[in-house]
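Step one of this worksheet: look at the structure below.
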């Protein structure tokens, strides 16, 4: 490949940066050590010479290959040569994950990238993670979605930039560049890289598509590559229109992060499904499957007054009283603070724990069981057993988080415990 073509790749990356990256002060590259990420690192280092971009690298150690440790050393040496800081993150993958080892590794990788990237951020800007996906990866993702019934979002494959879990931006500046062009760039610039043997294992569907199905398809069908890429672009535009429509509909039936099912029921079935998807996305929740969402929507529509539950990894979609909440599966580590209020506890040296069956609190006319108090305050039944209380050294309840303090020790301008995750239940009940 001549130098002009190499400059073309750099020009494409610079153009993508001007559109998607210029507002970000730092860029983190997911560096596997393979040819794609090594080429991206080389291009980003060239970009660094012309911009104020701060560049960091992250290598995810999955431990799935015997040579994984040597890959870490390769990436460390490479980053020393490029004078780029490198973070190495170890993740544990469940080889028996129901979603498959590929999906489990991808989810663990993205989660680790997200958590680590947040450490490089200052101010209100969300971090930008550069991924080395290219045009052939895009074709494979599209075909996988066709085979797995991924719907509109699946067929849209990968956007050049998107917000992931409301925390970081994923940036793919090489999506318009073929695998061969990337390989040619690496050869021309004498770049060294590692080979992952799992990429040749055709027991994985993506690899079968890569090595057998797509090469024959692209060779025998005229303009197949261009037509598929064109279709993906059109589908992405369609998805933008859908999301704009859904955004307005969601605002009409969501208040304070809670979905009003009475208003939600007035929409058509396709729009109801899209609203639920947008509602989950608003809270940073990834839904397990389209079928699970459709079944859940059907139950909500037919029996909106009943209690319904959809578990999504560490989150739950919980419905009751014609309201739908997003709630963590466990409350043990949820953050809380102490704030001054009109009346509260004389100090804030109390432990916080989950309510128990026998907990009571002193009120003006005697004592009341905490669970009964929560019921009277119209707190949904499913959340009452998980509610948090403040207790003294004798493990006696002295305050119900967000509700009230013990009358016998309450003072003006005292302290009250506040747990943000419970606030929406209190506001919806009043």
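The values are calculated or read from the model by the stated rules, or taken from the named source; none is laboratory data. Keep in mind the model is a prediction, meaning the values are calculated, not measured. All Cβ positions, even for glycine, are placed from backbone atoms using ideal geometry, and neighbour counts span all protein chains on display.
A few comments on the model shown:
- The range 165-174, residues that are surrounded by fewer than 22 Cβ atoms within 10 Å (Cβ to Cβ) and either in a loop (DSSP other than H, G, I, E, B) or outside the structural domain of residue 138 (by TED's automatic domain parsing) (or both): 165, 166, 167
- Matching residues in the range 39-56 - criterion: being touching a strand residue (DSSP E or B) at 6+ places or on another chain (Cβ under 7 Å) and modelled with pLDDT under 95: 48, 53, 54, 55, 56
- When residues of the range 354-367 are limited to those that are in contact with a strand residue (DSSP E or B) (Cβ under 6 Å, 6 or more places away or on another chain) and over 16 Å from residue 425 (Cβ atoms), the one surrounded by the fewest Cβ atoms within 10 Å (Cβ to Cβ): 367
- Among the residues of the range 257-273, not a single one is under 29 Å from residue 135 (Cβ atoms) and loosely packed, with under 15 Cβ neighbours inside 10 Å.
- Which listed residue, of 210, 162, is outside any loop (DSSP other than H, G, I, E, B) and surrounded by fewer than 16 Cβ atoms within 10 Å (Cβ to Cβ): 162
- Meets criteria (outside any helix (DSSP H, G or I) and either within 15 Å of residue 131 (Cβ to Cβ) or at pLDDT below 90 (or both)) for residue 36: no
- Residue within the range 60-79 that is closer than 24 Å to residue 159 by Cβ and at pLDDT 90 or above present: yes
- Members of the range 383-399 found to be assigned to a loop (DSSP other than H, G, I, E, B) and over 14 Å from residue 373 (Cβ atoms), listed by number: 392, 393, 394, 395, 396
- Complete set of residues in the range 291-341 that are surrounded by 12 or more Cβ atoms within 10 Å (Cβ to Cβ), modelled with pLDDT under 80 and either in a loop (DSSP other than H, G, I, E, B) or in contact with a helix residue (DSSP H, G or I) (Cβ under 6 Å, 6 or more places away or on another chain) (or both): 304, 313, 331, 334
Yes or no, residue by residue, for (1) touching a residue at least 12 places away in the same chain (Cβ under 8 Å); (2) farther than 30 Å from residue 320 by Cβ; (3) in the same structural domain as residue 155 (by TED's automatic domain parsing):
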site	(1), (2), (3)
203	no, yes, yes
206	yes, yes, yes
230	no, yes, no
239	yes, yes, no
247	yes, no, no
273	yes, no, no
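- Some residue of the range 314-321 being within 23 Å of residue 386 (Cα to Cα), out of contact with any strand residue (DSSP E or B) (no Cβ under 9 Å at 6 or more places or on another chain) and not assigned by TED's automatic domain parsing to the domain that holds residue 142: yes
- Candidates 93, 58: the one that is assigned by TED's automatic domain parsing to the domain that holds residue 132 and part of a strand (DSSP E or B) is 58.
- Unique match (being touching a residue at least 40 places away in the same chain (Cβ under 8 Å) and within 24 Å of the chain's Cα centre (by Cα)) among 55, 13, 44, 28: 28
- Odd one out for residue 79 among (1) in contact with a strand residue (DSSP E or B) (Cβ under 7 Å, 6 or more places away or on another chain); (2) buried (at least 20 other Cβ atoms within 10 Å of the Cβ); (3) farther than 18 Å from residue 196 by Cα; (4) touching a residue at least 60 places away in the same chain (Cβ under 8 Å): (4)
- Odd one out for residue 167 among (1) modelled with pLDDT under 95; (2) more than 30 Å from residue 25 (Cβ to Cβ): (2)
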